[in-house]
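Participant: Structure below; questions to follow.
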Amino acid sequence: MKLQDLIEQVRDTFNTAIESCHNVKDIQDVQIHYLGRKAGVVTNLFKELGVSAVEDRPSLGQQINDLKEYVTKSLVIREQIITEKLEKKTFVDLSLPGNPEFIGRLHPLTLIQNEIISVFEGMGFEVATGPDIETDYYNFEALNMPKDHPARDLQDTFYLEDGNLLRTHTSPVQIRVMEKTEPPIRIISPGRVYRKDTPDATHSPVFHQLEGLYVDEGVTLAELKGALLAFAQALFGQEMKIRFRSGFFPFTEPSVEYDFSCIICDGKGCSTCKDTGWVEISGAGMVDPAVFEFVGYDHEKYTGYAWGMGVERIAMMKYRINDIRLFYENDIRFLEQFS
């Protein structure tokens, strides 16, 4: 057999041999068989050069060198493939304890918001939502806020280049619903709101509100207090008390600010409630007739009440958390306490 034909035959047999390698030991055996210094198949080909014609030796020698390089590279590549496959295989020692499963949990703000919604749904309220980016009309004007109202100031509101803004409360949802729906209306509107507050233990530029609205014939302020009391006792227990204090909001008349009795000291007075026995929650009141005019309601026929509350504030009371920033720091040690 001519040496050139023998070279091709060795290449073919090597390709077959390397394909049958399934572990590092197989690779080593093939390497010794073809590249061994004394009896390697490729090594022996160089010995055949001595009996070849002198003029063919340079060409044949180059072919043998190319074959040797091909065999060497192919062995390296095959070993890498086999090693990677072995590394991917997982050895299971059945005598060892199993790996713990980390089960995801709902965020505490989600938990408390779901609980608040559940309580008001039990009273017959429906959930309504609206956009985070609002117009000046829905966020301020239709809520009877005059042009010079402090809430419109740039230091309080995030205004956008197109003239819109990030909503400062979820009250615009009430306007949007009343525009499209005839009374009676009984809704709650949870969602994120945005204000230019400096972050500290009790303030955040992004937080969550839940506001409520009830409009029908003959709705009274006493019904508002009854609804808030029922909510407070459902969330915090039957010992919870509430109180109304006189307040002012452009979209309600009369307006009140409402407080819950302090759950830390049971109303006796402590540092949390500043020794008053009460914790301020938010504002509420009867819907101002001017707001009804914006949505086309007959304010002589219909009355209604509205209220708001901060979800974070309720959560801080419920879970006795003293810093609102804990809700946003993504500290697993803090979040894994809730289930």
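We did not get these values from a lab; they are worked out from the coordinates using the rules stated. All values derive from a computational prediction rather than experimental measurement. A quick note on method: Cβ atoms are made from the backbone with ideal geometry, for glycine too, and the neighbour counts reach across all protein chains shown.
Participant: Any chance you could count how many residues in region 246-274 are surrounded by fewer than 15 Cβ atoms within 10 Å (Cβ to Cβ), farther than 20 Å from Ala234 by Cβ and of a type in the set (Asp, Glu)?
Facilitator: Matching residues across region 246-274 total 0.
Participant: Could I ask something else about it? Hey, does region 307-327 have a residue that's of a type in the set (Asp, Glu), out of contact with any Asp or Glu (no Cβ under 9 Å at 6 or more places or on another chain) and closer than 24 Å to Ala142 by Cβ? Even if it seems obvious, please write down each step before you answer.
Facilitator: Taking region 307-327 first, the residues of a type in the set (Asp, Glu) are 312, 323.
Add one more test, that the residue is out of contact with any Asp or Glu (no Cβ under 9 Å at 6 or more places or on another chain), and what stays is 312.
The next check asks that each one be closer than 24 Å to Ala142 by Cβ; those that pass are none.
No, region 307-327 contains no residue that is of a type in the set (Asp, Glu), out of contact with any Asp or Glu (no Cβ under 9 Å at 6 or more places or on another chain) and closer than 24 Å to Ala142 by Cβ.
Participant: Still on this model: I'm trying to understand the selection: among the residues of region 1-21, which are touching a Lys or Arg at 6+ places or on another chain (Cβ under 9 Å) and surrounded by fewer than 16 Cβ atoms within 10 Å (Cβ to Cβ)? Quick ask: steps written out before the conclusion?
Facilitator: Residues of region 1-21 touching a Lys or Arg at 6+ places or on another chain (Cβ under 9 Å): 18-19, 21.
Selection gives Glu19 alone.
Participant: I've got another one for you. Mind checking which residues of region 33-73 are over 16 Å from Glu8 (Cβ atoms) and exposed (fewer than 13 other Cβ atoms within 10 Å of the Cβ)?
Facilitator: Across region 33-73, the qualifying residues are Arg37, Lys38, Ala39, Lys47, Gly50, Val51, Ala53, Val54, Glu55, Pro58, Lys73.
Participant: On to the next question. Among the listed residues Thr168, Thr129, Thr157, identify the single one that is part of a loop (DSSP other than H, G, I, E, B), polar (S, T, N, Q) and more than 22 Å from the chain's Cα centre (by Cα).
Facilitator: Working: Thr168 fails: more than 22 Å from the chain's Cα centre (by Cα); Thr129 fails: more than 22 Å from the chain's Cα centre (by Cα).
Criteria check complete, one pass: Thr157.
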